[in-house]
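K.L.:
Could you have a look at this structure, given as structure tokens, before my questions?
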Amino acid sequence: MTLESQIRAPSATPVDDAVLPFEVGALDVRGRLAKMGPALDEILTKHDYPAPVGKLLGEAIVLTTLLASTLKFDGRFILQTKTDGPVSMIVVDFQAPNRLRAYARFDASRLKSGQDSAALLGHGHLAMTIDQGAEMSRYQGLVALEGGNLEDAAHEYFLRSEQIPTRVRLAVGEEFRSGDGPKHRWRGGGMLMQFLPKAPERARQPDLHPGDAPEGAVKHALPEDDAWAESRSLFGTIEDVELIDPDLSGERLLFRLFHERGVRVFPTQAVRAQCSCSRDAVAGMLKSFTPQDRADMVENGKVVVTCEFCSSVYEFTPDEAGVEPVSQQGAVD
């Protein structure tokens, strides 16, 4: 196949719930662009989150999609935050190759008007875990959350753990449409771009601050590569509306940014909202509890378990849940 035969106009057809890998060879950058629609809306609307909480969880879902879509094995990527903010916990579970589920815990009494993602998170940590299966070791990276947002956390992770010059943009919003009464749905988008030149010295970054340097010590500095400087400048022009616009295709957005340099795109990877819970899985989970714990779960003659991810409700009789009759419990005591 000749180079000329590969050149074409960017597709005008938007593709939702998909990750579009791309490469700008002239600038030595590669990346991924995610456009999220129905899958994101399905996850968020199942819990009816307050708008600020839904937006934050949506950003976590987009970030997870960008990071986890590179998995080359049948495993899981889990992003989790634990903080002292109004949104105390976020969990996003991506099961390769394309299944997403997520939920957030929050304190409604601490939600205030005008809080951004950073204020909702507060201080704590973000953990990113790669689970390659039962017979393989887990890999986990931790990033401190110190009053910043998820973009800040992603930049800090790549700076300290991967040491690859990286930029991340996340955008989530509600789309309102007229019709048979007011309707709204969640949309999201994001882009991850990395500088990967063939000569590794071009990607060198300044040494990290050791934390115990004497006052007045000069920080280590390196001149920024011209190609990366240009890439960051172009990347900085992305607007939220471009990432979540349902009528703007990912290919057209990339062409807007990099048409002067030439951008190459690769086949998209679809993602979908799908929880892994099931009645059998919940029944197995109940068996892991002690007999007394199972007995304490009985209310109104049944055991009810609600999945935190998808809000599915599973009901069991005491016998199905493995709850011993009262007489047997007394005998054990």
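K.L.:
Can you tell me how many residues in the stretch 137-150 are closer than 23 Å to R76 by Cβ and in contact (Cβ under 8 Å) with a residue 40 or more places away in the chain? Write out each step before concluding.
P.N.:
Initial filter on the stretch 137-150 (closer than 23 Å to R76 by Cβ): 137-143, 145, 150.
If we keep only those that are in contact (Cβ under 8 Å) with a residue 40 or more places away in the chain as well, we get 145, 150.
Counting residues in the stretch 137-150 that are closer than 23 Å to R76 by Cβ and in contact (Cβ under 8 Å) with a residue 40 or more places away in the chain gives 2.
K.L.:
Kindly indicate the residue of the stretch 205-229 that is surrounded by 10 or more Cβ atoms within 10 Å (Cβ to Cβ) and either on the phi > 0 side of the Ramachandran plot or touching a Leu at 6+ places or on another chain (Cβ under 6 Å) (or both) and also modelled with the highest pLDDT among those meeting that condition. So that I can check it myself, show each step before the final result.
P.N.:
Here is the first cut: in the stretch 205-229, the ones surrounded by 10 or more Cβ atoms within 10 Å (Cβ to Cβ) are 205-209, 213, 217, 220, 222, 224-229.
If we keep only those that are either on the phi > 0 side of the Ramachandran plot or touching a Leu at 6+ places or on another chain (Cβ under 6 Å) (or both) as well, we get 206, 227.
Values: P206: 60, A227: 94.
If we take residues in the stretch 205-229 being surrounded by 10 or more Cβ atoms within 10 Å (Cβ to Cβ) and either on the phi > 0 side of the Ramachandran plot or touching a Leu at 6+ places or on another chain (Cβ under 6 Å) (or both), then A227 is modelled with the highest pLDDT.
K.L.:
Looking at this structure, is A270 of a type in the set (G, A, S), out of contact with any His (no Cβ under 7 Å at 6 or more places or on another chain), in contact (Cβ under 8 Å) with a residue 40 or more places away in the chain and closer than 27 Å to V91 by Cβ? Quick ask: steps written out before the conclusion?
P.N.:
Numbers: of a type in the set (G, A, S): yes; out of contact with any His (no Cβ under 7 Å at 6 or more places or on another chain): yes; in contact (Cβ under 8 Å) with a residue 40 or more places away in the chain: yes; closer than 27 Å to V91 by Cβ: yes.
Answer is yes for this residue.
K.L.:
May I pose another question? Restricted to the stretch 288-313, and to residues that are assigned to a strand (DSSP E or B) and touching a strand residue (DSSP E or B) at 6+ places or on another chain (Cβ under 9 Å), which residue is farthest from L100 (Cα to Cα)?
P.N.:
So the first thing to find is which residues in the stretch 288-313 are assigned to a strand (DSSP E or B), and the list is 299, 302-306, 313.
Imposing the further condition that a residue be touching a strand residue (DSSP E or B) at 6+ places or on another chain (Cβ under 9 Å) reduces the set to 302-306, 313.
Working: K302: 30, V303: 27, V304: 24, V305: 21, T306: 18, V313: 19 Å.
Here the residue is K302.
K.L.:
Give the stretch 45-79 a look and list any residue that's within 18 Å of A18 (Cβ to Cβ), open to solvent by less than 50 Å² (accessible area, probe 1.4 Å) and in a loop (DSSP other than H, G, I, E, B), or say none.
P.N.:
S69, L71
K.L.:
Restricting attention to the stretch 297-324, which residues are open to solvent by 40 Å² or more (accessible area, probe 1.4 Å), without any contact (Cβ under 8 Å) to a residue 24 or more places away in the chain and in contact with a Phe, Trp or Tyr (Cβ under 9 Å, 6 or more places away or on another chain)?
P.N.:
Result: K302, V304, T306.
K.L.:
While we're looking at this one, here's another question. The conditions are (1) over 25 Å from L63 (Cβ atoms); (2) in contact with a His (Cβ under 8 Å, 6 or more places away or on another chain); (3) small (G, A, S), and A281 fails exactly one of them. Which is it?
P.N.:
(2)
K.L.:
Is there any pair linking a residue in the stretch 106-133 that is over 15 Å from A153 (Cα atoms) to one that is assigned to a helix (DSSP H, G or I), with Cβ under 6 Å and at least six apart or on different chains, and which?
P.N.:
Cβ pairs passing all conditions: F106/V53; Q115/P52.
K.L.:
Looking at this structure, is L100 in contact (Cβ under 8 Å) with a residue 40 or more places away in the chain, in a strand (DSSP E or B) and either open to solvent by less than 10 Å² (accessible area, probe 1.4 Å) or not assigned by the TED database to the domain that holds D245 (or both)?
P.N.:
The answer is yes for L100.
K.L.:
When M89 is evaluated against the numbered criteria (1) part of a strand (DSSP E or B); (2) in contact (Cβ under 8 Å) with a residue 24 or more places away in the chain, which criterion, by number, is the only one it fails?
P.N.:
(2)
K.L.:
Here is a further query. Looking for whichever is basic (K, R) and assigned to a loop (DSSP other than H, G, I, E, B) here; the options are K112, K82. Which one fits?
P.N.:
On the way: K82 fails: assigned to a loop (DSSP other than H, G, I, E, B).
From the options K112, K82, the qualifying one is K112.
K.L.:
Same structure again: Could you tell me whether the stretch 136-147 includes any residue that is among the hydroxyl-bearing types (S, T, Y) and more than 29 Å from D247 (Cβ to Cβ)? Walk me through how you get there before you give the answer.
P.N.:
Quick first cut of the stretch 136-147, residues among the hydroxyl-bearing types (S, T, Y) only: 137, 139.
So of that shortlist, the ones also more than 29 Å from D247 (Cβ to Cβ) come out as 137, 139.
Yes, the conditions are met somewhere in the stretch 136-147.
K.L.:
Quick one: in the stretch 1-44, of everything that is charged (D, E, K, R), over 18 Å from D240 (Cβ atoms) and assigned to a helix (DSSP H, G or I), which residue is least open to solvent (accessible area, probe 1.4 Å)? Walk me through how you get there before you give the answer.
P.N.:
Within the stretch 1-44, the first condition is being charged (D, E, K, R), and the residues that meet it are 4, 8, 16-17, 23, 28, 30, 32, 35, 41-42.
Now narrow it down to the ones that are over 18 Å from D240 (Cβ atoms): 4, 8, 17, 23, 28, 30, 42.
If we keep only those that are assigned to a helix (DSSP H, G or I) as well, we get 4, 42.
Working: E4: 132, E42: 77 Å².
Of everything passing the filter in the stretch 1-44, E42 is least open to solvent (accessible area, probe 1.4 Å).
K.L.:
Another one. Please work out which residue is farthest from D16 (Cα to Cα), limiting yourself to the stretch 272-283 and to residues that are small (G, A, S) and open to solvent by 40 Å² or more (accessible area, probe 1.4 Å). Explain how you work it out, then say what you get.
P.N.:
Looking only at the stretch 272-283, we keep the residues that are small (G, A, S), and these are 273, 276, 278, 281, 283.
Remaining after also requiring open to solvent by 40 Å² or more (accessible area, probe 1.4 Å): 276, 278, 281.
Details: S276: 22, S278: 27, A281: 31 Å.
If we take residues in the stretch 272-283 being small (G, A, S) and open to solvent by 40 Å² or more (accessible area, probe 1.4 Å), then A281 is farthest from D16 (Cα to Cα).
The values are calculated or read from the model by the stated rules, or taken from the named source; none is laboratory data. For clarity, every value in this text was computed on a predicted model and none was experimentally measured. All Cβ positions, even for glycine, are placed from backbone atoms using ideal geometry, and neighbour counts span all protein chains on display. These accessible areas exclude ligands, DNA and RNA; they are computed on the full protein's heavy atoms, side chains included. Shrake-Rupley method; radii C 1.70, N 1.55, O 1.52, S 1.80 Å.
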